[in-house]
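Here is the structure we will look at, set down as structure tokens.
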């Protein structure tokens, strides 16, 4: 028997290049990310404050639409008024919150004997100021046909954190009860 001294060559697996990041590449990427975030932070803050202002204006307008709808649906007067405790019209500041109640006796105030139902309430507004026309300072009253008993006017909702050029939203209320929102500026927010 012959022994062969020949051995076939050993084949090694092909060498793949290493993948991943070097420490320097990682540090450069983090530095670029930091610069971009530093530049974007002020505009993000401005965006968030404008969004919060818009949300509060929409919430207030939603309360007006709800009160008008309830007046028509229930075929009776419905009042929206500022309230600190969500049980009575005991505030002069709309930013404290508000209640919507069925005004069955037409007095414009919530009866102390609980004969008039509080339909809905809203908590205090977050970081905005609310300035109604003098006509709407105490309450906004809707008749059974959806019209308001107050004269037409507006409620201005503003934020000190929002950019000065668009730091307010004006909620207009027409005599027919219809509402609208307009972006505006208020210097003394």
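Since every read-out is calculated from the coordinates, none of them should be taken as a lab result. Just so you know, these numbers come straight off a predicted model, no measurement behind them. Ideal geometry is used to build each Cβ from the backbone, glycine not excepted, and the neighbour counts take in all protein chains shown.
Could you calculate the FRET efficiency of residue 59 with residue 38 from 1/(1 + (r/R0)^6), where r is the beta carbon distance between them and R0 is 41 Å, rounded to 0.05? The pair residue 59/residue 38 has a calculated efficiency of 0.80. Here the gap between residue 164 and residue 149, fully extended at 0.36 nm per residue and compared with their Cα-Cα distance, gives a gain of 2.0 nm. With each label modelled as a point 7 angstrom along the Cα→C-beta vector, the residue 90-residue 111 pair spans 2.0 nm.
Computed from the C-beta positions of residue 48 and residue 12, the FRET efficiency with R₀ = 41 Å rounds to 0.10. Would you mind classifying the stretch 107-151 by shape? Square roots of the alpha carbon gyration tensor eigenvalues, ordered a ≥ b ≥ c; an a/c under 1.5 is rounded, otherwise it is prolate if a/b is larger than b/c and oblate if not. Note, shape of the stretch 107-151 comes out oblate.
Does the stretch 82-189 come out rounded, prolate or oblate by the C-alpha gyration tensor, with a ≥ b ≥ c the root eigenvalues, rounded set by a/c under 1.5 and, if not, prolate when a/b is larger than b/c and oblate if not? It comes out oblate by the Cα gyration axes. Taking other C-beta atoms within 10 angstrom as a stand-in for reagent exposure, 142, 131 fall in the order 131, 142, fewest first. Recomputing percent of Cα pairs over 30 Å apart from the coordinates shown identifies the correct label among (i) 43; (ii) 17; (iii) 14 as (i). Measuring max minus min along each principal axis, the C-alpha atoms of the stretch 62-131 give extents of 35, 25, 16 Å (largest first). Projected label points at residue 120 and residue 75, each 7 Å from Cα along the beta carbon direction, are separated by 2.2 nanometres.
Say a paramagnetic label sat at a point 7 Å from the Cα of residue 182, along Cα to Cβ; which residues of the stretch 47-61 have their backbone N under 20 Å from it? Under 20 Å, as judged by backbone N against the label point of residue 182, lie 53-61 of the stretch 47-61.
In this rough spin-label picture, where each label sits 7 Å from Cα along the Cβ direction, the residue 30-residue 66 distance is 4.8 nm. Here the relative contact order of the chain, from alpha carbon pairs under 8 Å that lie six or more residues apart, stands at 19 percent.
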